[in-house]
1. Among the listed residues VAL354, VAL349, which satisfies the condition of being in contact with a helix residue (DSSP H, G or I) (Cβ under 8 Å, 6 or more places away or on another chain), open to solvent by less than 10 Å² (accessible area, probe 1.4 Å) and among the aliphatic types (A, V, I, L, M)?
2. Give the residues of the stretch 94-122 that are in contact (Cβ under 8 Å) with a residue 12 or more places away in the chain and within 30 Å of ALA407 (Cβ to Cβ), sorted by residue number.
3. Is at least one residue of the stretch 453-467 surrounded by 14 or more Cβ atoms within 10 Å (Cβ to Cβ) and in a loop (DSSP other than H, G, I, E, B)?
4. Being assigned to a strand (DSSP E or B), under 27 Å from VAL416 (Cα atoms), within 15 Å of the chain's Cα centre (by Cα) and touching a residue at least 24 places away in the same chain (Cβ under 8 Å) is true for just one of PHE335, PHE358, PHE402. Which residue is that?
5. Take GLU333 and decide whether it is open to solvent by 10 Å² or more (accessible area, probe 1.4 Å), at pLDDT 95 or above and among the acidic types (Asp, Glu).
6. Has the stretch 570-587 got at least one residue that is in a helix (DSSP H, G or I) and basic (Lys, Arg)?
7. How about the stretch 30-58: which of its residues are surrounded by fewer than 17 Cβ atoms within 10 Å (Cβ to Cβ) and modelled with pLDDT of 80 or more?
8. Does GLY646 satisfy the condition of being under 26 Å from ARG535 (Cβ atoms), of a type outside the set (Phe, Trp, Tyr) and surrounded by fewer than 21 Cβ atoms within 10 Å (Cβ to Cβ)?
Amino acid sequence: MSEHHPFAGLDAADIEALVHARHGDPFARLGPHAFGTTGAATATAIRVMMPGATAVHLLARDGSEARLSTLEKIHPDGLFVGVQEGLPDPRAYLLEIDWSGTPQRTEDPYSFGALLSDSALHQLASSDPAAVLDSLGARCIEVDGVPGVRFAVWAPNARRVSVVGDFNSWDGRRHVMRLRHSAGVWEFFVPRLGPGARYKYEIVAPDGHTLPLKADPCAWQTERPPATGSVVADSRPFVWSDQAWMEKRGALQAIDRPMSIYEVHAESWLRVAEDGRRSLNWDEMADRLVPYAKGMGFTHVEFMPIAEYPFGGSWGYQPLALFAPSARFGPPESFARFVDRAHQEGLGVLIDWVPAHFPNDAHGMIAFDGTPLYEHADPREGFHKDWNTMIYNLGRNEVAAFLHASALSWLTRYHVDGLRVDAVASMLYRDYSREAGEWVPNVYGGRENLEAIAFLRKLNAEVAHHVQGAITIAEESTAWPGVTAKVADGGLGFDYKWNMGWMHDTLTYMQHDPIHRRYHHHHMTFGMIYAYSERFVLPLSHDEVVYGKGSLLGKMPGDRWQKFANLRAYLAFMWTHPGKKLLFMGGEFGQLAEFNHDESPHWHLLDDPLHGGVQKVVRDLNRVYQNETALHARDTDPGGFEWLIGDDSANSVFAYARHDFHGRAAVTICNLTPVPREHYRIGLPRGGRWIEAMNTDAGVYGGSNVGNSGMIYAEETSSHGKPFSAPLTLPPLGTVILIAE
């Protein structure tokens, strides 16, 4: 060790800046640096910042780990320096750090060069989601043969960013990151760190004040709430066993196939009362939810958002870690195991995904680097007053890339089969839920959010290009044209759209007392006016059973028996109507109370025959729907549907036929009054025998067993414009499904 340069090239200003973590480029001062010469050899100045260390020794990094020298502590806050001669390579040393009697041996993190390539940084600035997936966040990698964790975070306006965690006593002076100016990305490699390490970022804003510690927006794993830290995830790829499903899922999710979706709030689907009413973890849900949903005949389970969210009362719709499955249910690999198990059982997995807004928790993305970074600066564009949340600045390349990368991560890393994109209407309109003067027009003076339109189109193009067989579904409640039209044709490019109008109209009708339904007949028929304008999912979702709206059963009029009969008949109407199906948990057995995220559905109600009857109806409807091609093969083809009786408002009777491409037909008849109707003649598409495949008034469902003894024969008697017809007995508040033999 040379004794001629006690401060190893540092002046007083350098020392002061380093010990207070205010140096503009700590990599220019810390770590190994060439320092003069001794004869023909070049000496190396080595400087390390180790607050709290008692001593720091240099060891040879040649396998012998022989002690070379001891660095001099030149500042009481932990700045150590020295000059080492004769190193074969400037980085040919290890640090042996004495933490008050506890030794640590590691490479010097400031001895490593730049980590991210210039091309990756350019891709990030150019809105390439692959750059986010490959570059940002915490990744377990090897650098120069040394295992560790590479941290990288986008914070272009920060004065300083440090990665902090248990590994450095949460001291922002220890691991001040390197700024890559071309992209505003800060990077750092912590050698010998591994999966499970907790971390956050300590960020100094442009004005010099230190922000609350920030979680990593690109973290793959988080602490379990209410803790808010990020966690280094295991980077090893999951070993999947679902190849057979992945190869065929594109066909299974196509417009001509049945899709029956069971919507689930993972946190409350089945709480364990014996263990503090805790939620199930993913492995327990694989054992319980997968066989239940499959046994009920659903083709898919759809989870309300599972990306990590700080507030349970948001049900996940205010997420802050858009790449990380919530730690409430176990580590990320356990979610992968759930998806793998579901796929092996032939059950698809969809998740709700939220690119419209994010919460304003201090540890999150709000003012991430001390400036409006992820959000718009102008509150007229950047603040949702309805939800008290921040709106993403989708016109910023890096923000769009971040969100697109999140979408692709769920679909590729976790084999999720589709994303239901939340709150699309709020994204499309700049004046969404705003009064005059509270919003900013687009460049043409209009209300359309051009940046959001471009973002959604690119999202759907990226998914279609990169993820074979995956689908996207829009929760969009307006008459925006072309939501499911191809991007090339000027549409947004979604595969499906929730039909909020159908849901609203039909539920409005069903809530009327049957004696008044004749005056609202159009609410049940109007949906067919626009049924083929988009590719629709018919949703009876969580949104319809919260905030005082009551449960589906609670919306039904009449006495107890009539409520159940109404619900059974309505569900059969839905299952035979054009469009894919979605039903929120609890609705499948007639939950009495509305959704409460702190409680499970009231499973004990299944001991009641009427509740059990609703469950049997849903199970049997799924069976009929999937087995009968006429009920799904032409969902988007006007030729696949015809009204047989659409104008009998006096009797509140509806009858319609569904057809497949090969001549098969299914006929649905709904009598939505409590009056049985004898000898009600209905025109039919063909003669011969028709099987009564479903009667919601059957005794096994809790009905009165009024029906047609399981079959009818169509006579050559014309009616309703058809050459064949049959006199039917229509059960009270019942729906009958007939299948032609």
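1. It is VAL349.
2. Residues satisfying the conditions are ALA114, LEU115, LEU116, ASP118, ALA120, LEU121, HIS122.
3. yes
4. So the residue among PHE335, PHE358, PHE402 that is assigned to a strand (DSSP E or B), under 27 Å from VAL416 (Cα atoms), within 15 Å of the chain's Cα centre (by Cα) and touching a residue at least 24 places away in the same chain (Cβ under 8 Å) is PHE358.
5. Yes: the conditions hold for GLU333.
6. Checked against the condition, which is being in a helix (DSSP H, G or I) and basic (Lys, Arg), the stretch 570-587 yields no hits at all.
7. ALA34, GLY52, THR54, ALA55
8. Against the criterion (under 26 Å from ARG535 (Cβ atoms), of a type outside the set (Phe, Trp, Tyr) and surrounded by fewer than 21 Cβ atoms within 10 Å (Cβ to Cβ)), GLY646 qualifies.
The values are calculated or read from the model by the stated rules, or taken from the named source; none is laboratory data. What you see is a predicted model; the values in this text were computed from it and never measured. Please note: Cβ atoms are built from the backbone with ideal geometry, for glycine as well, and neighbour counts cover all protein chains shown. Only protein heavy atoms, including side chains, enter the accessible area calculation; ligands, DNA and RNA are left aside. Shrake-Rupley method; radii C 1.70, N 1.55, O 1.52, S 1.80 Å.
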